[in-house]
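Data block below; observations after.
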Amino acid sequence: MLVASDLPWRTRFAITAARTAATLSRRTGRGGGSMIGGRIAAKLDPHALQHLARGRTVVLVTGTNGKTTTTLMLSRALEALAPVTTNGDGANMPDGVLAALAANTEAPFAVLEVDETYLPWVAERVDPAAIVLLNLSRDQLDRVGEIRKTEREFRSCVEKLADTVVVANCDDVLVASAAAASKHPVWVSTGQTWRDDSVACPRCGRAVRHHPQDEMEWDCVCGLVRPKPDWVLDGDRLTGPDGVAHRLQLALPGRANAANAALSLATATCVGVPLPQALGQVRSITAVAGRYQRVPYDGHAVRVLLAKNPAGWYETLPLLNPGDPVVIAINAREADGRDPSWLWDVPFERLRGRRVIASGERATDLAVRLRYAEVDASAQPDPLRAVTSLDAGPVELIANYTAFREVNARLGDAD
């Protein structure tokens, strides 16, 4: 276990400065403090990340969708054994990762959400016991670039890690290609059916073949093939390497959350948590960073959901309660990706016949897309004004990243 007194004096000084900056940031209302604290610590000690990770069991969680939820599930599972430090606020750039390690220097476990573009950089410095690879799909192309490049970087990263266990979604072609380079892969079949981002093989560029007799099976003529899963998720049942099936019985809704749980539980057992104990911990989660809970607002019960790319929308739309009006809030800032053309890849046609309001800074772009989907939608840039324009009752509010954070903050201030 890492003890603060064992750290170099420069690292201890950097931690103290980081905590002070984070506290001031929170008290002055400038933010949660994670980013500024980590940034200051890195400036004062460029090797702080390595020093703070030393002696701990570190697990990294990355992928396009599901990072925050999986990080929470895995953190909760590992808490059955010992204290865990984590960046549960979603601050997943290097500054946020460093701030999470600095927040509790004596926790023996660290579960860290990592932005896809920074996985190789962080992994090189923290020597992780395990890496969880969730999925890869188009997201923020103006910042991240094409996902084939990300797959190659993941592959090169895990190939260099001699002792790291890589828990990977074998139904995702891109993830499977990357994780196949690991010396210690653990394969989880999550039942993923989103394939629009992996039509072509990441190794040779030829078409990936899906088997008509088993839709989960896939392969390529170049030899890349779906690995045999160690863990299999089938609806609500998760079967482990011992062949025993367990009911998940999650409080969180949807297939995507079941997939996140499957990967979390597989990883927790690799780290030493008995499966029944880990499962009990994961079942206790009822909300994730402001998602899924209904919040009262001006006579409405608002449920806020996050969807930030086509794959995420594909999983989110089935969660909507039939008949409830829908407010969709879309921004296009740096953290969202400046280019909102991804809206045209979302199956908004599923919203036909419902009351829908396009909102956010790109409400007009969204309204045009909805019109082409034959959804009769109005536009109101302010999401909460859109809510109050509806008749009293439940409302489904779906937002992308910055819109989601702003709506949750405003709903919290209104309590």
*asked:* For a test of the definition: using alpha carbon positions, the gyration tensor, and the 1.5 limit on a/c, classify segment 31-131 as rounded, prolate or oblate.
replied: rounded
*Once amide H atoms are placed 1.01 Å from N in the peptide plane, what residues at a sequence separation of 5 or more from Val395, or on another chain, have their amide H within under 5 Å of its amide H?*
Ala301, Val302, Arg303
_What are the ³J(HN,Hα) couplings of segment 213-220, residue after residue, when phi is run through the Karplus curve with 6.51, -1.76, 1.60 and θ = phi - 60°? Round to Hz, x for glycine and proline._
7, 8, 5, 7, 6, 8, 6, 9
*Could you give me the ³J(HN,Hα) list for segment 227-235, computed from phi with Karplus coefficients 6.51, -1.76, 1.60 and θ = phi - 60°, whole Hz, x at Gly and Pro?*
x, 6, x, 7, 10, 10, 9, 10, x
*Tell me, what is the 1.4 Å probe accessible area of Met216, in Å² to the nearest 10?*
30
_q = 0.13, 0.23, 0.25 Å⁻¹: log10 I(q)/I(0) that the Debye formula gives for segment 86-148, counting C-alpha atoms only_ = -0.38, -1.05, -1.19
*Label Asp196 and Arg352 with points 7 Å out from Cα along Cα→Cβ: what is the distance between them in nm?*
1.7
*Å² per residue, accessible surface of segment 49-136 at 1.4 Å*: 26
*asked:* Students often forget the sequence filter, so: which aspartates and glutamates lie under 12 Å Cα-Cα from Lys183 once same-chain residues fewer than 8 apart are removed?
replied: Glu159, Asp163
_Looking only at Cβ-Cβ distances, which cysteines of the chain have no other cysteine closer than 4.7 Å?_
Cys157, Cys170, Cys270
*Of Thr20, Thr71, Thr269, which has the largest mean-square fluctuation in a 10 Å C-alpha GNM of the chain?*
Thr20
*Please calculate the 1.4 Å probe accessible area of Trp121, with all protein chains present, and give it to the nearest 10 Å².*
110
*Once amide H atoms are placed 1.01 Å from N in the peptide plane, what residues at a sequence separation of 5 or more from Glu113, or on another chain, have their amide H within under 5 Å of its amide H?*
Val61, Asn87
_Among [x] 18.7; [y] 20.2; [z] 26.4, the entry that matches mean projected area of the Cα convex hull in nm² as calculated here_ = [y]
*segment 132-198: relative contact order as a whole-number percent, Cα under 8 Å and 6+ apart*: 35
*List the lysines whose Cα lies under 26 Å from the Cα of Lys308, skipping any in the same chain that are fewer than 8 positions away.*
Lys67, Lys149
_Taking 2.2 N^0.38 Å as the expected size of a compact globular protein, what ratio does the Cα radius of gyration of segment 287-402 give against it, to two decimals?_
0.96
*asked:* Probe radius 1.4 Å, ligands and nucleic acids ignored: give me the carbon and sulfur share of the accessible area of the chain as a rounded percent.
replied: 50
_Summed residue charge, Cβ within 11 Å of Val199's Cβ, Lys/Arg positive, Asp/Glu negative_ = +1
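Roughly how many Å² is the accessible area per residue of segment 299-415, as a whole number, for a 1.4 Å probe?
In whole numbers, segment 299-415 has 43 Å² accessible per residue.
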*Nearest 20 debye, what's the magnitude of the dipole of the chain about its Cα centre given +1 on Lys and Arg Cβ and -1 on Asp and Glu Cβ?*
660
_Accessible area per residue for segment 175-227 in Å², computed with a 1.4 Å probe and the full protein assembly in place, what is it?_
46
*What is the log10 of I(q)/I(0) for segment 110-268, computed with the Debye formula using one identical point scatterer on each Cα and no solvent, at q = 0.11, 0.19, 0.20 Å⁻¹?*
-0.43, -1.29, -1.41
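Got the relative contact order for the chain handy, in percent, Cα pairs under 8 Å and 6 or more residues apart?
For the chain, the relative contact order is 12 percent.
The values are calculated or read from the model by the stated rules, or taken from the named source; none is laboratory data. Just so it is clear, the model here is predicted, and its values are computed rather than measured. Using ideal geometry, Cβ is built from the backbone for each residue, glycine included, and neighbour counts are taken over all protein chains shown. Accessible surface areas use protein heavy atoms only, side chains included; no ligands, DNA or RNA. Shrake-Rupley method; radii C 1.70, N 1.55, O 1.52, S 1.80 Å.
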